[in-house]
Each structure stands twice: as structure tokens, then as C-alpha cells.
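The values are calculated or read from the model by the stated rules, or taken from the named source; none is laboratory data. Note that the structure is a prediction, hence the values are computed from the model and not measured. All Cβ positions, even for glycine, are placed from backbone atoms using ideal geometry, and neighbour counts span all protein chains on display. For the accessible areas, the whole protein counts, side chains as well, though only heavy atoms, and no ligand, DNA or RNA atoms are used. Shrake-Rupley method; radii C 1.70, N 1.55, O 1.52, S 1.80 Å.
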Amino acid sequence: MPKLTIDGVEVDAPDGATVLQACQLAGKEVPHFCFHERLSVAGNCRMCLVEMERAPKPIASCAMPAGEGMVITTDSDTVRQARRGVMEFLLINHPLDCPICDQGGECDLQDQAVAYGGDRTRYEENKRAVTDKSMGPLVNTVMTRCIHCTRCVRFTTEIAGVSEIGMLGRGEHAEISSYLERSLTSELSANIIDLCPVGALTSKPYAFAARPWELKKAESVDVLDAVGASIRVDARGASVLRVVPRLHENVNEEWISDKTRFACDGLRRQRLDQPYVRRGEKLEPATWDEAFGAIGERIAASDGKRIAAIAGDLCDGESMLALKDLMGKLGSPHLDCRQDGAKVDANVRASYLLNSSIAGLETADAVLLIGTDPRREAPLVNLRLRRAWLEGGAEIGVVGPARDLNYPVTALGAGTDTLTALKDGKIAFLETLKNAERPALILGMGALARSDGAAILAVAREIADLTGMISADWNGFNVLHTAAARVGGLDLGIVPGAGGKDVPSILDAATNGEMDIVYLLGADEIDMSRFGDAFVVYQGHHGDAGAHRADVILPGAAYTEKHGTYVNTEGRVQLGRPAVPPVGEAKEDWKILRALSDVLGHKLPYDTLGDVRSAMVAANPVFDEIDIVSKAEWAPFGTAGALGEAAFELPIDDFYLTDPISRASVTMAACSRELSGGTEKGTGTNG
Amino acid sequence: MSGTSTSKRPFVFTADNKVLAEAAITHYPADRSRSAVMPLLDIAQRQNRGWVSHEIVEYVAEYLDMPVIRVLEVATFYSMYNLKPVAKNFVQICRTTPCWLRGSDDLVKAFRDFAGCGIGETSTDGAFTMIEVECLGACCNSPMVQINDDYYEDLTPERFTKILRTLKEGKTPDPGPQSTRSGSEPVGGLTSLTSVGGDD
């Protein structure tokens, strides 16, 4: 802990801190461009010059390790003059095009030029011009504005793990480019837009859409994967214009995936903005009363045992609880939130959580991935695994298809036989896990969402126990979900009741005509052709698979339009907040169910959001602990049984098209075409 | 960087060059073999008639198991890698102050008169490419040019033209000072340090 004196204030800096960080600790602002606390030190912008006692000239504080007894001055005449000089150099080639630059209003260079720069230029020569580079469908480039801080190069190389952009040439001729201007292939590529301190890299889909001061900002959480990244939703009027990350050290740090950031244009397309009722072959617009009446008629004519409900992947906790309570009142035990048929055990919380926590994965030193592709399923979890390998030298083994994860892995085998062999010690990786101090495994939906999932869960638990993954301060048994609603659903017990059917059985029953009514709460990822003659009610926000099959459509609110409680894959309860009102006649989802319950004569006992949340806490106390991850108790789970022979299949083929929102997004479709080699599908307009 | 390799076959090191490349790699620790990127690019450039193509960048990247952009960064940073095809005789003329004061402008004119092209260009017969470079550190013998790997010093337009003519005939002129000097000693004999172990 070196002690420094900064502008006369004594500060204890942590070991390994730089002078710049020490200055920040002392509450002094030091302007900088290239320095970023999560990236390696480059020291090339020179904006962070400060004066150090006994040094002959100003020092670059970002590149100088804080040392014992240093005396630093951050606001002397020398420092001010040095900063002005550096700023003048930076502006020699930077165009003065702020009025037509998308970064205007949130530009580090603009702000710092005002605060630390001079008020006129002495440079009369021509500025250099640089041709713009192509970096794919997400990042817009205006390379003349680049000040060569290399943050984008360092981010893609160090954090995202794709060495695809670099600085070519040198001096006056230096340019940032990808090799042959190829598109970036990282799922995290758009974070370089936030990192760029100037307007060289800006958002392509958001180009010239708004100025930052026009936007209404709502702090929310992402629901497009199970990580629950902290986001800020920026809206103007009734439309969401962009999504940007918020800082959350334990979840997403300050990054978000490209899907989280750019699927928001899907919120304006294919929306269900009023109720529909099927009359003959056609879905016709209807009023809420007509829609409720149609449902009421059918339910009155049926029996609770012949009614089923399936909750989808984007559902908030409030609506799932209301669905569960309504089904309970109707006497139906057929309720499930596991569209993919994942055989997770809702009774033991530790059996379905990412127990080591997302941040904790960084400290793991041996990791076994089973039927999962974290890069596509949860890029922000993959980033932690990459760091575990990069900084901790973690060894990572994969059972199941081994895709490129941006760090080296050992491919152990394709399926259940590998898992059994591993458990029996016939594969050397078991020793690696045993010898590791913090071993972990990650069980993906590729291993659980199959008929022998429960048995695989049991084998995974055996491996965890066998290799010492569970100790007093470490639990390396992890399940990586792909659906934001999943853990919340399991916490609320959205699983079949006594004698109830799960999703595959509900589908079988419907096919055989044993199910009269199926209520889909935002469930789109199931085979809609299997509902036979059943009466399908779809409540959701997008005209996706579910709405096409539905007999009655109840328009719900998307995650940016409602208050919602979501639980991420590590069991962290988080709150989403509305940024815009629901479109058209759409309503918040729990309110729809509450209103429907009244029509059906089974009025649910809550009238306000506070009431529903109290009911959630009553159903499971975890909902009282917002943003806290409590340790789940390690208890027996899994059902030993015969393992199927089929190899694991990964749940996500195309990262960019995984849910109704991203399938409606033009940007995601473009990404899919360009980056996943996929064909444009599922925008809904082509059936 | 423009153009592609003139050869249709994919670029691979010849057997001899492979030996050189492997030797270069052994100069670095086993886990630092990427440090050999510069010698490998040089070996490849020599094999590819003096220039580095995209194919070579990709080949070297694969050879050293490193991202192709990192190789391209190195290749574009250093001026001694040519990213466009060059002629058989690659003339680098120094025009930094000492050479300029001693008449490098006349050498450029002589080159233009002989080869028909100027700085940054290749002659139509494909025999010469000339580029301008900064000081090559032979100021005592200025003006000078470097042709391929050799220095030609103490030049006059006549001497330079003679060298170019010899090269065009396919012969290699003697490198070094083209005057009566053998090194950078005074032209008129020693004026100091005239004896070994003497008093001066």
C-alpha cells in the first residue's frame, strides 16, 4: 500500500495501482483517453500528464506505478499547460465536425477539449483524412476522427478474445482496421462503441437517431439471455432507441452482448398491439372483453385437468406467479416454465443455479463444460471463463460439441459415454479437476434438455462431489440457463403440480386430444404443430410462433415496457423497469392475468404491483433479496438412471436469433446473415 | 497493400528458407516463437522477389500460430517490408540533409534520365524501383543509395548512371564507395592520427 501525496492530500493506493488511479482515489480528476481500468495500459494519448516532485518533466500518470512517497501535483500551471499542449496535438488531425458527429454530447474528446484545451488553433495546414473502414453490421466508422488510443484493439484482443483489429502503419499514417476490413466476429464487438472516446466508432443501427440529451433513460436488466446484464434503456417518446450497459461488477462489469444492445429495434416490429380472436381460419381484431369472453367460454366448458399452461423464456416473475395462481384456482396441475424440456429439479435450488456465481467463475482453475457453448449462450459468462484461462491458467474441458470459445479447450468427447467414462476416471481430465483448488463444471441446456436429462444431472452431481467441487467457500456446480425467466420460474415453482404434465407431456396430450386449452405465456420456442385441436391462448408481445397458432391473443408488454422481476442464472433477483409504455392496447402481463381471473370468477388476490411482489416473497423468500446472491444449500438431487446414447446438441445455433424480440430485429437479422452464416428467417413477415 | 502474389501457387517457404525460418525461431524462447515474425517476414519477402503479399502475411501468421492482424501490424509498421511488388533492382535513395547537401537531387535526376521513372515508381522495363528513404547512416560517404542489400556511396550522377547500366546488364557492380576511397577516410590523405602510437 504505497502512500502518495496528491495536491497536498495523502492517499493510500492499493498495490499495483497507477498514479492516475491514486489521483482518482484522492478525488482529483485526471483527463485521459487511452487509459481504461479493465484494459492493459497503453500510455499513448498523453492526456493524463501530471507533475511529480523531482521529475524533470510531467509524467504520464496512467503508465506510472504509484510509488511510496510520491508527491504529485495535478493542477499546477505546468500541468495545465502540458494538457493544453497535448489537446492541441490531438486536435491537429481531429475534424471539427461535432455538429454532425453521433458522439456529440457524450464525447470524451469534446468534454475534455472544453475543460482542458485551448480556445483556438494555430494549425493551418490540411488535416489528414483517413478512409472509413468496414467493421461489420454493428459498428459505424469515421476513421478521420480516430485519435489512436487503441482501446478498441485492446478490448477485442484482451476481453473479447478475438484478435481482429489492429493499428496498421505508424505515425502520421497509423490507421485502425480489421484485417482486410473483415467484420468483427465477437458477440461483444459493439462494446468498442462505448469504449471509443471519440466519434470514430459509433453505433450503426442508432446512427443519427437522437442526441443523448433528448433521451429518457430507464435503468433495467436484460432478458435476452440468462445473465441478466444491467442495462440502461434509452427512449424518446414511445420508442426505445438504444440499450447501453450499466456498471455491475458482479454480473456484466461494463459490457453487454451485441444482442442485448441491438435487438431493441425488434421491439418496434411484429408487435401485438391489441387482442385478437380466431374466427374461422382468421385471427380478427377484438376487444379485451371479447377476448376474455372467448377464453371464459372455453374454460367454463372444460375441466381443470384438461387445461395446461406454459411460461416462456422472457417472462417476468410477477406474471408467472399470476399464471401459477390462476392455474391453481382452475384446478390445473399442468404448468411448466421449461419450454425446452430441461430436466432441472425445482426442489433443490443449488441444482439449477450457477452456484459459483458469474464473477466467481474467474477464480476457477479447472472447468468442465457439459453440453454448453457459453460463447453463444452467455457471452458475458464466456468472458469470465476466458479470464480464468488467461489470468489464472484454468484448464477447460468440453463434453459435447466443441466450438471455438475464444480460449483453448480440451475436447473430451461428444456425449453421455464420455461423461460416464469421466466419472469412472477413464479420462485424465478427472485428475485435473481433482487436483484443482477451485474446480467447476457448467452444465448446459444441451445436456439437460433431453429425455435423460435427470440422469445426466445426477452424473454431473456425482462428478462434482467426486472432484471436490463443493466446499465451505466454493461451489463449482453450475447450471447455465439460456432463458431469463427460467430461474425465476423455478424459484416460483412454475413446474407441474401433483399429477401434472411437463412440456413434452403437455404436447403429447394436446396431440392426442387430451388437452382442451393451452395457455402460452410468451412461449414461442415449442413445436406449435403439436397442439392438435386444443384451444390455444397466447399472451405475449410479439407475433411469433405462439401467436400464429393461437386462437386468442392477449397483447402483453415487452421487458422495456413493464416492471418485472427476473432472476439470473446465478440466482440474483433483479428488477426491470419500464422505459416506454406498452404499445397500443397491450398491458403489463400480470395485470392481464389478474383481469382475466376476475372474468373467470377466480379473482386473484392482488391489485397492485406491491401486492404481487409481496405474494412472490410469500411464495419464495429469495424475492425479498434484490440483487443479492445467497448461497444455495447443497442437497441431494438428480435421478440416477439410464443414459441415452445420443451426443449432446447445443441449444443455440444462431446467437443472433434466439427469441421473439431478436427474431423481429432487422439488426439481428443482418448480423445473422453476415456473421452466423444464417439465412434471414423468423422476422415473422415471411411466415 | 495492393495486388496479390504473382504466383498462382500458394506461398510456402522453400526447403532452404524453411531451414532459415526454423533457425530464426530458435533464437527466441520456445513460448515466445512469435518474436520471430520479423525475420520470417524478411525471409518470405526475399523469397517473394522483394515484397510481402497478403498471402505471405497469412502464411507467416499460420506458421507462428498468431493472429493475422498482428503480423499485418508488424509488416505495415516497418518501412523495410514492401507491401507492393518491386523491381529486381530496388533502389533506396537517401535524401536526408547530408546527402541532399552533397547532391542527392542530381542523383534523382540521373535516375529519372536513365530509368524513365521517379521516386516511388517502377520503370516500364521492370528493372528498377526507386523509393526515397531517410538517413541510412552513411553520411561520411554521401550522397549514397542502397540497391537491394548493398550500399553505393560517394556517388555522382555519372557514377550512379554507370551502376544502373551495369545492373541493367544483369551484372552486380562493386558495392561501397565509388570514389578512390575504400572507406570513409579523408580523400586527400590522413590529416590526424597519422601514425600508430605517435605523439599526435
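From the list B:VAL74, B:VAL19, B:VAL86, B:VAL68, which residue is open to solvent by 20 Å² or more (accessible area, probe 1.4 Å), touching an Asp or Glu at 6+ places or on another chain (Cβ under 9 Å) and at pLDDT 95 or above?
Checking each option against the conditions leaves just B:VAL68.
For region A:131-142, indicate whether the set of residues that are modelled with pLDDT of 95 or more, away from every other protein chain (no Cβ under 11 Å) and under 15 Å from B:THR76 (Cβ atoms) is non-empty.
Yes, region A:131-142 has at least one match.
Filter region A:390-411 for residues that are closer than 19 Å to A:LEU448 by Cβ and in contact (Cβ under 8 Å) with a residue 24 or more places away in the chain; which is surrounded by the fewest Cβ atoms within 10 Å (Cβ to Cβ)?
Here the answer is A:ARG403.
May I ask you to list the residues in region A:62-81 that are open to solvent by 20 Å² or more (accessible area, probe 1.4 Å) and either in a helix (DSSP H, G or I) or out of contact with any strand residue (DSSP E or B) (no Cβ under 8 Å at 6 or more places or on another chain) (or both)?
A:ASP75, A:ASP77, A:THR78, A:ARG80, A:GLN81
Here are some conditions: (1) part of a helix (DSSP H, G or I); (2) surrounded by 13 or more Cβ atoms within 10 Å (Cβ to Cβ). A:MET135 meets all but one. Which one does it not meet?
Unmet for A:MET135, out of (1) part of a helix (DSSP H, G or I); (2) surrounded by 13 or more Cβ atoms within 10 Å (Cβ to Cβ): (1).
So, in region A:180-215, of the ones that are of a type in the set (Phe, Trp, Tyr) and surrounded by fewer than 17 Cβ atoms within 10 Å (Cβ to Cβ), which residue ends up nearest to the other protein chains (Cβ to nearest Cβ)?
Restricting to residues being of a type in the set (Phe, Trp, Tyr) and surrounded by fewer than 17 Cβ atoms within 10 Å (Cβ to Cβ), the top hit is A:PHE208.
Evaluate region A:12-30: report whether one residue or more is touching a Gly at 6+ places or on another chain (Cβ under 6 Å) and open to solvent by less than 60 Å² (accessible area, probe 1.4 Å).
no
Restricting region A:158-179 to residues that are over 18 Å from A:LEU138 (Cβ atoms) and more than 7 Å from chain B (Cβ to nearest Cβ), which is most open to solvent (accessible area, probe 1.4 Å)?
A:HIS173
Just name the residue that is modelled with the lowest pLDDT out of those in region B:144-200 that are open to solvent by 50 Å² or more (accessible area, probe 1.4 Å) and among the β-branched types (Val, Ile, Thr).
My answer is B:VAL196.
Among the residues of region A:251-292, write down those that are part of a loop (DSSP other than H, G, I, E, B) and crowded, with 16+ Cβ neighbours inside 10 Å.
A:VAL251, A:ASN252, A:GLU254, A:TRP255, A:ILE256, A:SER257, A:ARG269, A:GLN270, A:LEU272, A:GLN274, A:PRO275, A:ALA286
In the set B:GLY137, B:GLY126, which member is without any contact (Cβ under 8 Å) to a residue 12 or more places away in the chain, part of a loop (DSSP other than H, G, I, E, B) and open to solvent by 20 Å² or more (accessible area, probe 1.4 Å)?
B:GLY137
Give all pairs with beta carbons closer than 6 Å in which a residue from region B:10-38 that is without any contact (Cβ under 8 Å) to a residue 40 or more places away in the chain and more than 18 Å from B:VAL71 (Cα to Cα) meets a residue that is surrounded by 10 or more Cβ atoms within 10 Å (Cβ to Cβ) and not hydrophobic (A, V, I, L, M, F, W, C); count only pairs at least 6 apart in sequence or on separate chains.
Close Cβ pairs satisfying both conditions: B:ASN17/B:GLN47.
Could you please let me know if A:THR73 is within 14 Å of another protein chain (Cβ to nearest Cβ) and on the phi < 0 side of the Ramachandran plot?
So A:THR73 does not fit the description; no.
Just for strands (runs of 3 or more DSSP E) wholly inside region A:142-205: which have at least 1 residues that are free of Cβ contacts under 8 Å to residues at least 24 places away in the same chain?
It comes to A:165-168.
Just a yes or no: is a residue in region A:109-120 away from every other protein chain (no Cβ under 14 Å), over 27 Å from the mean Cα position of the chain (by Cα), surrounded by 23 or more Cβ atoms within 10 Å (Cβ to Cβ) and not aromatic (Phe, Trp, Tyr)?
Yes; the residues of region A:109-120 include at least one that is away from every other protein chain (no Cβ under 14 Å), over 27 Å from the mean Cα position of the chain (by Cα), surrounded by 23 or more Cβ atoms within 10 Å (Cβ to Cβ) and not aromatic (Phe, Trp, Tyr).
Out of region B:22-42, which residues are open to solvent by less than 20 Å² (accessible area, probe 1.4 Å) and not small (Gly, Ala, Ser)?
Across region B:22-42, the qualifying residues are B:VAL37, B:LEU40, B:LEU41.
The rows are residues; the columns are (1) of a type in the set (Ser, Thr, Tyr); (2) open to solvent by 30 Å² or more (accessible area, probe 1.4 Å); (3) modelled with pLDDT of 95 or more.
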site	(1), (2), (3)
A:GLY610	no, yes, yes
A:MET616	no, no, yes
A:PRO621	no, yes, yes
A:ILE628	no, yes, no
A:ALA647	no, yes, no
A:ILE652	no, no, no
A:THR679	yes, yes, no
A:THR685	yes, yes, no
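Looking at A:LEU441, A:LEU430, which is the one that is more than 30 Å from A:SER186 (Cα to Cα), open to solvent by less than 50 Å² (accessible area, probe 1.4 Å), out of contact with any Lys or Arg (no Cβ under 7 Å at 6 or more places or on another chain) and at pLDDT 95 or above?
A:LEU430
Residue pairs, Cβ under 6 Å, 6 or more apart or interchain, first in region A:475-489 and in contact (Cβ under 8 Å) with a residue 12 or more places away in the chain, second charged (D, E, K, R) and in a loop (DSSP other than H, G, I, E, B). List them.
Correct list of pairs: A:ALA483/A:ASP313; A:ALA485/A:ASP313.
For region B:45-65, which positions are open to solvent by less than 30 Å² (accessible area, probe 1.4 Å), within 20 Å of the chain's Cα centre (by Cα) and more than 11 Å from chain A (Cβ to nearest Cβ)?
B:GLN45, B:ASN48, B:GLY50, B:TRP51, B:VAL52, B:SER53, B:ILE56
Here is a check on your reading of the model: is A:ARG128 more than 22 Å from A:ALA207 (Cα to Cα), assigned to a loop (DSSP other than H, G, I, E, B) and either among the basic types (Lys, Arg) or facing chain B (nearest Cβ under 10 Å) (or both)?
yes
Checking the structure you have, find out if any residue of region B:93-111 is in a helix (DSSP H, G or I), under 26 Å from A:GLU172 (Cβ atoms), assigned by TED's automatic domain parsing to the domain that holds B:GLU169 and among the hydroxyl-bearing types (Ser, Thr, Tyr).
Checking region B:93-111: at least one residue is in a helix (DSSP H, G or I), under 26 Å from A:GLU172 (Cβ atoms), assigned by TED's automatic domain parsing to the domain that holds B:GLU169 and among the hydroxyl-bearing types (Ser, Thr, Tyr).
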